[in-house]
Amino acid sequence: MGLKIWLGDGLVDQQDAAISVFDHSFLYGDGVFEGIRVYSGNIFEHRAHLVRLYESAKVLCLPVPMDIDEMTAAVEQTVRANNIADGYIRLIISRGIGDLGLDPFLCKDGKVVIIADNVQLYPEALYQKGIKVASVSSVRNHPLSCPPQVKSLNYLNNIMAKIEANQAGAAEGIMYNHLGFVAEATADNIFIIKNGVVCTPPTQAGALDGIIRRVVMELAEKENIKVVEKDLTRFDLYVADEMFLTGTGAEVIGVVEMDGRAIGDGVPGAITHQLRDLFFSYARP
Ligand code: PMP
């Protein structure tokens, strides 16, 4: 049996959930999205995700055809209709149907699409072993291009980066900004630990204001682990004691090798394990 998909203003069967080829989300990647986890039936950090979605839409002058409370209800209804207890929600706002030109203001009938499905996870062994990452040459969006805080449907920069990482035999790519400072991974935020201090690039460095990033920073501070947002260089990453990535899909995952150099002892570190456990209990109380 297929899924029930929210399309426009209600639920439809998966086979009927279709978007026009004239929708600018298809023609130009013009739209925004969110990825949200469901843990034991609870929509994780639901409000924070929706705030980020509406802010992304605002930056792109993209009308969202429902307010945030209606969106909250639509997401909940989609999760319930598909009996998702532990899963993943993909929420998309498309620009709508226009002509073959770029002009977004000629587009009509932008669609809200909500897909609630089971989640594809990294295998547990990878969390124990840690992953390999590689520096990539694809530069994170310049602040004067489509801002890196916008979760737009155009992810080609990150896709180029992911291709490079895969071709280097790494699970994730580390992206730098136009100034050469570390920004983030292709779909995750990055953290290092040096001398007991947890450090992560600020959003101005091109990091998405990740929801899991924020939660992990708060959990660390509650445990009196010092957290600093500061510009990081490739050097800082190579000589870090520990490194981990955060994201809705990956949660908290240790990095043990970067560009052929072992990170710390070459195994996920003690603080990484601690933060992963804290996040695990916070998300699944
Ligand atoms: N950076 C990018 C580019 C992403 O796509 C994501 C995943 N949404 C993240 C970071 C992590 O953000 P979050 O913790 O909100 O999933």
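The values are calculated or read from the model by the stated rules, or taken from the named source; none is laboratory data. Since we're looking at a predicted model, the values are computed, not measured. Cβ coordinates were reconstructed from backbone atoms using ideal geometry, including for glycine residues, and neighbour counts include every protein chain displayed.
Looking only at region 58-79, residues that are polar (S, T, N, Q) and closer than 17 Å to Ile5 by Cβ come to 2 in all. Of the residues making up region 133-146, just one is polar (S, T, N, Q) and near the ligand (Cβ under 10 Å from one of its atoms), namely Asn141. In region 220-242, the condition of being over 25 Å from Gln204 (Cβ atoms), in the same structural domain as Ile193 (by TED's automatic domain parsing), surrounded by 19 or more Cβ atoms within 10 Å (Cβ to Cβ) and not acidic (Asp, Glu) is met by no residue. Of all the residues that make up region 194-206, how many are touching a residue at least 60 places away in the same chain (Cβ under 8 Å) and either closer than 18 Å to Leu50 by Cα or buried (at least 24 other Cβ atoms within 10 Å of the Cβ) (or both)? The total comes to 1. Among the numbered conditions (1) under 21 Å from Val252 (Cα atoms); (2) outside the structural domain of Val267 (by TED's automatic domain parsing), the only one that Lys132 does not meet is (2).
For region 135-146, the set of residues classified as assigned to a loop (DSSP other than H, G, I, E, B), buried (at least 17 other Cβ atoms within 10 Å of the Cβ) and not charged (D, E, K, R) consists of Val136, Ser138, Val139, Asn141, listed by residue number. For region 12-29, a tally of residues being under 30 Å from Val215 (Cβ atoms), of a type outside the set (S, T, N, Q) and more than 16 Å from the ligand (Cβ to nearest atom) returns 0.
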